[in-house]
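The values are calculated or read from the model by the stated rules, or taken from the named source; none is laboratory data. None of these values were measured; they are calculated from a predicted model. Cβ: placed from backbone, ideal geometry, glycine included. Neighbour counts: every protein chain shown.
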Amino acid sequence: MKLDDSSLQKFCFIKRETLGSINIDPLQTGGLLTEAAKQALVEWGDGYSVCDFCGGVLDLIKKPPIHDFVHQALPEFLGCDEARVTNGARESKFAVMHSIGKPGDWIVLDGLAHYSSYVAAERAGLNIKVVPHAGSPEYYLDPEGYGRAIEEVIRESGKPPALALVTYPDGSYGNIPDAKKIASVCHEYDVPLLLNGAYCVGRMPVSAKEIGADFIVGSGHKSMAASGPVGVLGVSKEYAPVVFRKSTHNKVKEVELLGCTARGATVMTLMASFPEVVKRTRNWDQEVENARWFSSKLEGLGFIQRGQKPHSHDLMFFEAPGFYEISEKVKNGRYFLYKELKERNIHGIKSGLTKYFKLSTFGLGKEKLGIVADSFEDILKKYEGV
């Protein structure tokens, strides 16, 4: 590509076509910016805007109040002893895995774990033992499966795994496992538990201490109304000296965080949205009620919701036999649903999906969810007899 002025213009005018649509994408609903975050994005978007105030340790900056956020508000919110802001949930997971485990050690994780949990473990040099789920339709995760997996690791390696991880909820079906029981099982073997809360921290109430988790991670851009990538990491006092250990070459820098992590627009939008995020977690019962209502509406149209029932999270997975039958008959059928929804200003189901798809009801309220459900019904009626 020749880098002349005309060819470079394409990068200057990038239009976001989904802006203003009803958004049911599970990756996006919890990350939509608040008005305060939008203002912070403009004011703090310049490179090194936050670093200008740093005396060497990012989370000790008093103005803007990053120190108060990281060392006071965030630990209380996460239910942990110490917390940090990171460059994403996967970076938080890797920091824990890399500091707690050594190459060749084992980690136990659930069968619905996000791919980034596998990649983080692989990067840390850890072997992986998977706790299987029960399969369709509920994909139930038995807490006792962690005990069986831990015992398998002990038989195979001669010692317990360095760490266990549970995805809470998982990003495919929105199942919320019994994390408190899982923590209890793991601790019987002196195995610490990492709670991957990428789809819970910022959406629903959660406390690492109440669950018994030793570590908790969250995603700012998935669930805390922040401009990403940005994440949070909470650690118990027992493990904080290990995870947040200082460099021998620069005594103020924390090794696992590479000295500094999220700065500029990412951390500032995270903080700006935080008051509203805290408030919205108190409305979680209504979010669950809305999700169940929406699921009932779709099942009345012939859709099949996979995963836990009654469902307890906004993220859901559906099988849509009616849409799939239509896609088998119409021209360019795989893409008909995406086009029909786009015409109705609804975004979130990926292009090409008709038989199976996941979505989120978070933050939409029954009025907008009713529009989505009615649109699904209208599309089915439109193609009757095709």
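Of all residues in segment 12-23, at least one satisfies being at pLDDT 90 or above and of a type in the set (A, V, I, L, M).
Of all the criteria given as (1) touching an Asp or Glu at 6+ places or on another chain (Cβ under 9 Å); (2) touching a residue at least 12 places away in the same chain (Cβ under 8 Å), the one not satisfied by GLU152 is (1). In segment 53-72, of all residues being loosely packed, with under 12 Cβ neighbours inside 10 Å and either at pLDDT below 90 or in contact with a helix residue (DSSP H, G or I) (Cβ under 9 Å, 6 or more places away or on another chain) (or both), the one that is nearest to GLY264 (Cα to Cα) corresponds to LYS63.
Here is the figure for segment 284-311: residues that are surrounded by 18 or more Cβ atoms within 10 Å (Cβ to Cβ) and not in a helix (DSSP H, G or I) total 6.
The requirement of being part of a loop (DSSP other than H, G, I, E, B), farther than 17 Å from GLY231 by Cα and touching a Lys or Arg at 6+ places or on another chain (Cβ under 9 Å) is fulfilled somewhere in segment 57-65, by at least one residue. If SER116 satisfies every condition in (1) without any contact (Cβ under 8 Å) to a residue 40 or more places away in the chain; (2) touching an Asp or Glu at 6+ places or on another chain (Cβ under 6 Å); (3) among the hydroxyl-bearing types (Ser, Thr, Tyr) but one, which is the exception? The failed condition is (2).
Which of the residues belonging to segment 194-216 are in a strand (DSSP E or B) and among the β-branched types (Val, Ile, Thr)? Listed by number, the residues that qualify are VAL201, ILE216.
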